[in-house]
């Protein structure tokens, strides 16, 4: 059974970093309810969730995906390009180690956020230009190459993270809202989506895709392609540039 690391939102969630959008008020109580619904959706579709201890002093701690990149049996612990987010990694590291993963780290001067990494089979796309720098990508490539991964750097300037712009369908097709994708031709197969939030899916297994309620037209399109959208409302996290991928680390081995 696959598992996912999750982390409860901080009471200071509304203070989270915002870089590419205007700040709007966040309802912290609603965010907690939405987070629980997200966790419930994972569990309802066969996932075991493992809760990383909360880190209330870090407003962005709920976006636990940014703390690491997992490939095979190796978890590479991130070193965020945002200094204030670096304390988030320690408890996440302990949680993934407890699941039996080997551990390595991005080290200074490298920076890397997990949200900048998109894995499609043995190809690992690394978003370059925001929170993840050249040295972080070099270290990622060095760590994952012995496991058979090919790391490809792709530009990210228009959004916070690579997976703010694109994710991938089960067949490997990359999907994204084209105005926010720096270089659609960087991917072997690209399908434009009608909404920004339609760019973000979590593969739950078989034909099921976890996605945000803010992308109804994209959900219809994916249904027409034969997929089954599993829709959750994450409006309060979207106000902080979060999406369905940010809220968990999926462990599939």
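The values are calculated or read from the model by the stated rules, or taken from the named source; none is laboratory data. Predicted model only: the values in this text are computed from it and were never measured. Note that we place each Cβ from the backbone using ideal geometry, even for glycine, and neighbour counts take in every protein chain shown.
Residue 29 passes all but one of (1) within 23 Å of residue 235 (Cβ to Cβ); (2) touching a helix residue (DSSP H, G or I) at 6+ places or on another chain (Cβ under 7 Å); (3) free of Cβ contacts under 8 Å to residues at least 24 places away in the same chain; which number fails?
If we test residue 29 against (1) within 23 Å of residue 235 (Cβ to Cβ); (2) touching a helix residue (DSSP H, G or I) at 6+ places or on another chain (Cβ under 7 Å); (3) free of Cβ contacts under 8 Å to residues at least 24 places away in the same chain, just (2) comes out false.
Kindly list the number of the only condition in (1) part of a loop (DSSP other than H, G, I, E, B); (2) surrounded by fewer than 16 Cβ atoms within 10 Å (Cβ to Cβ) that fails for residue 159.
(2)
Inside the stretch 180-253, counting only strands (runs of 3 or more DSSP E) that do not spill past its ends, which hold 1 or more residues that are surrounded by fewer than 16 Cβ atoms within 10 Å (Cβ to Cβ) and either touching a strand residue (DSSP E or B) at 6+ places or on another chain (Cβ under 8 Å) or at pLDDT below 95 (or both)?
Details: elements: 190-192, 202-205, 208-212, 228-232, 249-251.
Fully inside the stretch 180-253 and qualifying: 190-192, 228-232.
Going through the stretch 43-65 one residue at a time, which ones are under 18 Å from residue 99 (Cα atoms) and part of a helix (DSSP H, G or I)?
Selection gives 43, 64, 65.
Is there a residue in the stretch 110-123 that is farther than 26 Å from residue 159 by Cα and surrounded by fewer than 20 Cβ atoms within 10 Å (Cβ to Cβ)? Spell out how you get there, then give the answer.
Of the stretch 110-123, the ones farther than 26 Å from residue 159 by Cα are none.
Checked against the condition, which is being farther than 26 Å from residue 159 by Cα and surrounded by fewer than 20 Cβ atoms within 10 Å (Cβ to Cβ), the stretch 110-123 yields no hits at all.
Conditions (1) over 30 Å from residue 207 (Cα atoms); (2) under 17 Å from the mean Cα position of the chain (by Cα); (3) modelled with pLDDT under 95, marked per residue:
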site: 2; (1), (2), (3): no, yes, no
site: 19; (1), (2), (3): yes, yes, yes
site: 27; (1), (2), (3): yes, no, no
site: 50; (1), (2), (3): no, yes, no
site: 59; (1), (2), (3): yes, yes, no
site: 68; (1), (2), (3): no, yes, no
site: 81; (1), (2), (3): yes, yes, no
site: 90; (1), (2), (3): yes, no, no
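Test each condition in (1) free of Cβ contacts under 8 Å to residues at least 60 places away in the same chain; (2) part of a loop (DSSP other than H, G, I, E, B) for residue 175 and report the one that comes out false.
(2) is the only condition that residue 175 fails.
Could you tell me which of the residues 108, 135 is farther than 24 Å from residue 203 by Cβ, touching a residue at least 12 places away in the same chain (Cβ under 8 Å) and in a helix (DSSP H, G or I)?
On the way: 108 fails: in a helix (DSSP H, G or I).
Only one candidate qualifies: 135.
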